[in-house]
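Structure, as structure tokens:
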Amino acid sequence: MNWLGPVEELKGIGPKTAETLKKYGIRSVRDFLYNLPRDYENFEAPTSISEIHPGKVVVKGRIDSLSTRRARRRNLSVTEGVIRDQTGAIKVVWFNQGYRLKQFSPEKEYCFTGNYELRNGRYSLVSPSAAEVSEIDPKTGLSPIYVAHGALKSHDFKRLISKSRDLFDSIPDLLPTVPKGTRKKALFYVHFPNSIKSASGARNYLAYEELFELTLASKLNRTENEKLKATPIPFSAPKIREFVSRLPFQLTGAQRRAAWDIFQDMEKDTPMNRLLQGDVGSGKTMVAAMSAYEAILASHQVALLAPTAILATQHFDGLSKILKPLGVKMALLTGATKHKADLKHQIATGEIDFVIGTHALLTDDTDFNNLALVVIDEQHRFGVEQRQKLMLKSPSGLAPHLLTMTATPIPRSLQLTVFGDLDVSILNELPRGRQPITTSILTEVETREQLYPKIRNVLKSKNQIYWVCKAIDDDPRSETTSVKSRTTKLKRDFPDVSIEFLHGRMKPAEKDAIMERFSRGEIQILVSTTVIEVGVDVPNASLMVIENAESYGLAQLHQLRGRVGRGKAASFCYLLTSGDTKPSRRLQELVKSSDGFYLAEVDLKLRGPGEIYGALQHGALDLRIATLTDIKLIRRAQKDVTTFLKNPENMLEYEELMTGITRYQQITTLN
Ligand code: ADP
Ligand code: MG
């Protein structure tokens, strides 16, 4: 068997089938055998039809009189037939599964399992799964279920895989860390299980294999990063001490430790690749400021990349206050910046020490004189290519040090696998005096009675309010209240209050002006879309209302909520839900916990890794077996990868493994 050869080499797969398979990413023989069953159906111990009772049943027999008709309700097709064995006959019915007509041949015997129940006044077997008797393991009654790929249904996969049954024995080994033959046995038993236990054992090995590949990929990225050269930046204790003493507050212990990690990294002549993780409001920007100052003291340039113009502007304003008095030359570069060419010239000549900007920083005509540190705020908002672009802007041929920051905590399990090439510092301590945020869920109906008195209180104490809506304009097809109509309603209900709105379609200058007035306290209620989600910092805001809360992910809700609770006032967050159904688990978790790390773990379990890993990579990490929550297996893979890498010859010897992981390497690389 040509394991890596085209899938057409398998029995029963012609050009047409191969074409369909290709659409679903199945190109090689290997891909085909790695297309694993989603689950198993159990056809064990069929009942004679004469002895059948309503409920879940298994029957064995031939099927005839199959036909499909349109039901009275449009869009519904009904496929009906009769199943017979020696003892009797029953009706069988499927809905919207027209392909069943072609699945069965009258000569063959099949097993069926499903519910035998009353339908339109007569008993039928309703939408059963079915498998040819010869494809079911006679001892166990188990039959795999495959995900349908276009015209190829589960039973097609079953038929095709059965034809390749003899090939499994020649599947080569992949990993040196397991006994020989483990892989072929696992693949065999996952398709042809001889017990539920053997199937789950097989899946466990395949999950391990996947984690091994993922971990190996990110460790190799790390090794490659370590081969690069960077400018070492000496630590200047007295200057940093002076910087810290000028701050209006004391650094938290966690901020000190993180800064210390960074200073040590930057002293090396290999580039730093560190992720600063800290829950919303933990003070990441200050750590970035200290790192930037350190690099600038050594006569280097620093760039800070932020995902939105609002955030970039805010960073610029905040950091200018601290750094300008120390003689640092600062610049802001966003889409709205005027005289860009002049500014870019000053960046290229090195007149500017510290550039803060958005994507506008990434254009080809932005060159630096001696860029030594790149800081990326909310790193998950940027794709690999964008991050890479900035890293290549150091003209000296030396790689800049990289500090990425995120408030969306990365669960431990992902850190060990996908983010294995990063060093991590964690800000697990909030600055002193922070108020806890009380979160509650309100239905639309309760809103007015319960929320309005609260709003009046907040306004009376001169604190401010964020009101987050899903849409900008009204949409007649949906019931969500838009930014604009909510603003109108609030203005009517609170005539003496200054209320404005903010959304992503406004001009950058307009947005900045509104944000500016909100942070000066001139706007009391800001109605907004999620543009305020990332990073925005107005400590006087103490109440947040989120409409249609059920339509956001947990991580995003936590981010949004983090816009309040930054000042001295007790803070509140109201999650409004439209329906009268029970609030989702997500919302309930959010009420219970304000711990971003805990919530990220929950999110990972509820929604998978895509949410955490960021929009761009969404779906890219489509693991065959979801295992990113299995810490025990991850640790085993970790340990084994470390051993594997101790012997460099392994990398030459295990060719299939090494070429197979390049895809993961691209996904997981962060530099
Ligand atoms: P985030 O980690 O969410 O990016 P920021 O860096 O925006 O948090 O900091 C949130 C707020 O806390 C800012 O107003 C900042 O000035 C303030 N801050 C940062 N460090 C401290 C500290 N050690 N003590 C008090 N306030 C702090
Ligand atoms: Mg921030």
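Taking a ≥ b ≥ c as the square roots of the eigenvalues of the Cα gyration tensor, an a/c ratio below 1.5 marks the stretch 258-385 as rounded. Relative contact order (percent) for the chain, with alpha-carbon contacts under 8 angstrom and 6 or more residues of separation? It comes to 13 percent, rounded to a whole number. Would you mind classifying the stretch 185-235 by shape? Square roots of the alpha carbon gyration tensor eigenvalues, ordered a ≥ b ≥ c; an a/c under 1.5 is rounded, otherwise it is prolate if a/b is larger than b/c and oblate if not. It is prolate, given that a/c is not under 1.5 and a/b is the larger ratio. Using a cut-off of 15 Å between beta-carbons, work out the net charge of the residues near Ala237 (Lys and Arg +1, Asp and Glu -1, Ala237 not included). With Lys, Arg at +1 and Asp, Glu at -1, the neighbours total 0. A straight Cα-to-Cα reach below 12 Å connects Lys239 with the aspartates and glutamates Glu294, residues fewer than 8 places away in its own chain not being considered. With the cut-off at under 13 Å, measuring from each backbone N in the stretch 410-438 to a point 7 Å along the Cα-to-Cβ line of Leu645 picks out 416-423. Subtracting the Cα-Cα distance of Glu224 and Arg62 from 0.36 nm times their residue separation leaves 52.2 nm of extension gain. When the GluC sites (Glu not before Pro) in the stretch 473-519 are filtered for DSSP coil states and for at most 14 other beta-carbon atoms within 10 Å of their beta-carbon, the remaining sites are Glu479. In plain terms, the C-alpha convex hull of the stretch 39-145 casts an average shadow of 6.9 nm² when viewed from every direction.
Residues in the stretch 20-35 carry Karplus couplings, in order, of 4, 4, 4, 4, 9, x, 9, 10, 10, 3, 4, 3, 5, 6, 8, 7 Hz; the curve used is 6.51 cos²θ - 1.76 cosθ + 1.60 with θ = phi - 60°, and Gly or Pro positions show x. Placing dummy labels 7 Å off each Cα toward the beta-carbon, the span from Phe597 to Glu444 is 4.0 nm. For the pair Asp317 and Asp474, label points projected 7 Å from Cα toward Cβ lie 3.3 nm apart. Accessible surface area normalised per residue over the stretch 437-593 is 45 Å², counting heavy atoms of protein chains with a 1.4 Å rolling probe. With Cα atoms as the point set, the stretch 459-580 shows a radius of gyration and Dmax of 13.6, 42 Å. Pairs from the list Lys22/Lys56; Lys11/Lys108; Lys56/Lys153 with a Cα-Cα gap above 27 Å: Lys22/Lys56. Peptides 562-572, 402-412, ordered by how many other C-beta atoms sit within 10 Å of their residues on average, highest first, read 402-412, 562-572.
Of the beta bridges in the chain, as assigned by DSSP with both residues counted there, near 40 percent are antiparallel. Applied to the stretch 192-207, the Karplus parametrisation 6.51 cos²θ - 1.76 cosθ + 1.60 on θ = phi - 60° returns per-residue 3J(HN,Hα) values of 10, x, 9, 6, 4, 5, 5, 5, 6, x, 5, 5, 4, 5, 5, 5 Hz, with x for Gly and Pro.
With 30 Å as the limit on Cα-Cα distance, the pairs of Lys389/Lys484; Lys219/Lys321; Lys329/Lys568; Lys324/Lys393 that go past it are Lys389/Lys484; Lys219/Lys321; Lys329/Lys568.
3J(HN,Hα) couplings calculated from phi for the stretch 102-113 with the Karplus curve 6.51 cos²θ - 1.76 cosθ + 1.60 (θ = phi - 60°) are, in sequence order, 8, 5, 9, 10, x, 7, 8, 9, 10, 10, 10, 9 Hz; Gly and Pro show x. Ranked by the mean number of other Cβ atoms within 10 Å of their residues, highest first, the peptides 108-114, 194-200 fall in the order 108-114, 194-200. Between Ala348 and Lys197, the simple label model (points 7 Å from Cα in the Cβ direction) yields a spacing of 7.2 nm. With an a/c value of 1.5 or above and a/b not larger than b/c for the gyration tensor axes a ≥ b ≥ c computed over the alpha-carbon atoms, the chain is described as oblate. Database remark: amide H of Ile376 closer than 5 angstrom to the amide H of Leu305, Leu403, Thr404, Met405 (H placed geometrically; neighbours at sequence offset of 5 or more, or on other chains; Pro and chain starts carry no H). Report note on the peptides 527-534, 28-35: ranked by the mean count of other C-beta atoms within 10 Å, highest first, their order is 527-534, 28-35. Rounded to the nearest 5, the antiparallel percentage of DSSP beta bridges internal to the stretch 39-145 is 90%.
Going through the cross-link list Lys268/Lys605; Lys340/Lys511; Lys454/Lys582; Lys338/Lys462, which pairs have a Cα-Cα distance over 31 Å in this structure? Exceeds cut-off: Lys268/Lys605; Lys338/Lys462. Amide hydrogen proximity for Ile441: with H placed 1.01 Å from N in the peptide plane, the residues at 5 or more positions away or on another chain lying under 5 Å are Leu575. The value of relative contact order for the stretch 39-145, using C-alpha pairs under 8 Å at least six residues apart, is 32 percent. When the surface is traced with a 1.4 Å probe over the full set of protein chains, Trp3 keeps roughly 20 Å² accessible. Per-residue surface analysis assigns Arg100 an accessible area of about 20 Å², computed on protein heavy atoms at 1.4 Å probe radius. Only protein atoms count toward the accessible area here, which uses a 1.4 Å probe; on the stretch 437-593, the carbon and sulfur part of that area reaches 51 percent. Counting only aspartates and glutamates at least 8 places from Lys344 when in the same chain, those with an alpha carbon closer than 20 Å to its own are Asp317, Asp353, Asp364, Asp365, Asp367. Under a 5 Å amide H cut-off, with hydrogens placed 1.01 Å from N, Ile171 pairs with nothing among residues at least 5 apart or on other chains.
The values are calculated or read from the model by the stated rules, or taken from the named source; none is laboratory data. Keep in mind that this is a model prediction, so the values were computed, not measured. For neighbour counting, all protein chains shown are included, and Cβ atoms are generated from backbone atoms with ideal geometry for every residue, glycine included. We work out accessible area using only protein heavy atoms, side chains counted, and drop any ligands, DNA or RNA first. Shrake-Rupley method; radii C 1.70, N 1.55, O 1.52, S 1.80 Å.
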